[in-house]
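No value in this document is a laboratory result; all are computed from the given coordinates. Quick caveat: nothing in here was measured; it's all calculated off a predicted structure. All Cβ positions, even for glycine, are placed from backbone atoms using ideal geometry, and neighbour counts span all protein chains on display.
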């Protein structure tokens, strides 16, 4: 029974009556999205940042570069565009101060030592929580600075180094040691690590470019995507001129194309196997690339690099499908439909892979291809005391997925070392109840993130996203539906239902699904699977031709 109180016409909902909303459910790290949005709405940015930091050791990184799975499932889509969650997060990290540090608790020293291989998002996250639990933690990385793909794989215009360094400093300041320029298997062996440390976490990431067999790929002027981005960040950017041809349809390919424009390429053509609607890159990234003049050509596969010793162009064939009937990657081609593109440089951005050569002598630690096999529940490998996580286990995913793996690894390792595995933190003032305004369907437009103009972007690596204005921040935060606190009841008369399925068609929050029986009229009706995520849009009510659905707000 929901316990609510009404004071002067205002309805308060107690925290214990909340549900986990879609946005929080979709976040791999479990960030309490509505809670920090409410804090931003009220102008309490310190509290908003503290709420974020309860789950994210790298909140500024996420504000700038997360792909925001929370927005993909935002229930506001029932009315219009989703809440600009990442933009609101940006406001919290830009305006919030370090008051959360006063509430952070660090356990007494346990005397246990943990080695973490890889100082990317998974490694940094695990280190943060493990040092909080009292363990001595050392991060090993082949690069001279911590950050991994955050520093060396994401372009400066998306994630400025100064902002990244601020997050990393907040991890290292609690006592985490960093040892850079250290390659495992070369500068230090796995045997040494296992001898000197009580537990190991392998989080080296997908730290290299995936190579494909392509005739002429050894010619001068052929580059590989991740290596190209890394070299740019290391100050070893190649001199580009004329036409650059990028091959690939993912976010790395888009980053490569946009970076090429900034390095002097006159024209950039991007070719990918997928049809436009199948491209793995996010729609907003594709749109920004086109705004900057990148020319995208869908459904083409590279056939041969043209030229004798140096690149003169690329020959391509039509790709008719990327996946087979079982949805497995299995491209098919029309060899008769071809295309030639002249160019000075070809950059192949077709995927990333991990270098696991340091595991050659490790029989108990199994790998499959370029991924380490780890137990999904605790990220343990086949060798006792050795854990693995992040892209080196999953393959290339997202920053927030890597952070989630870092959290899981820290919990598992702490438990392995004799702790309770509880890495939960309370850094913000507990929210006991929430004020709900009267429910009114008032559709408000999304406040778009202000950006540098397309012409300004291509001339350098300045941060493209400028951040919302104060008025935009408040307006966007006020769009939030408080899905965790507001509840609706949906009733469907299954005897009236004639199986049209319109209700399920218009509902994007999984309220309806087919029943496991037939009604008296011989139809297999829809039934209400869960009302938890209903937001009272009433689309199902108006879509039902049988008048079988009723929706009401639950009050008290």
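By the count of neighbouring beta-carbon atoms within 10 Å, fewest first, 276, 35 end up ordered 276, 35. The residues 367, 325, 357, when put in order of fewest to most other Cβ atoms within 10 Å, stand as 325, 357, 367.
Shape index of the stretch 209-350: Rg/Rh, with Rg the Cα radius of gyration and Rh the Kirkwood radius from the inverse mean 1/r over Cα pairs, equals 0.95.
Once C-alpha pairs closer than 8 Å and six or more residues apart are averaged by separation and normalised to the residue number of the chain, the relative contact order reads 18 percent.
Our helix-only sum for the chain, with -39,500 (n - 2.57) per DSSP H run of n ≥ 4 divided by its residues, gives a mean residue ellipticity at 222 nm of -7500 deg cm²/dmol.
Working from label points 7 Å from Cα in the Cα-to-Cβ sense, the residue 103 to residue 189 distance is 4.9 nm. Among the listed values [x] 69, 28, 26; [y] 41, 33, 24; [z] 119, 21, 17, the one matching semi-axes √(5λ) of the Cα gyration tensor in Å as calculated from this structure is [y]. Computed extension gain for residue 162 through residue 538, at 0.36 nm per residue and net of the alpha carbon distance, reaches 130.7 nm. Here the label points at residue 81 and residue 455, each 7 Å from Cα along the C-beta direction, are separated by 2.4 nm in the simple model.
Neighbour counting of Cβ atoms within 10 Å sorts the residues 405, 297, fewest neighbours leading, into 297, 405.
Relative protection proxy for 305-315, 70-80, 407-417, from highest mean packing down: 407-417, 70-80, 305-315 (other beta-carbon atoms within 10 angstrom). Across the alpha-carbon set of the stretch 103-172, the Rg to Rh ratio works out to 1.02, Rh being the Kirkwood radius. Ranked by the mean number of other Cβ atoms within 10 Å per residue, highest first, peptides 258-265, 424-431, 227-234 order as 258-265, 227-234, 424-431. Of all DSSP bridge pairs formed entirely within the chain, close to 50 percent run antiparallel.
Relative contact order of the stretch 382-527, taken over Cα pairs closer than 8 Å and 6 or more residues apart, is 13 percent. The value of relative contact order for the stretch 209-350, using C-alpha pairs under 8 Å at least six residues apart, is 32 percent.
Using equal-weight Cα scatterers in the Debye expression, the normalised intensity of the stretch 488-553 in log10 at q = 0.13, 0.25, 0.28, 0.29 Å⁻¹ is -0.29, -1.06, -1.32, -1.41.
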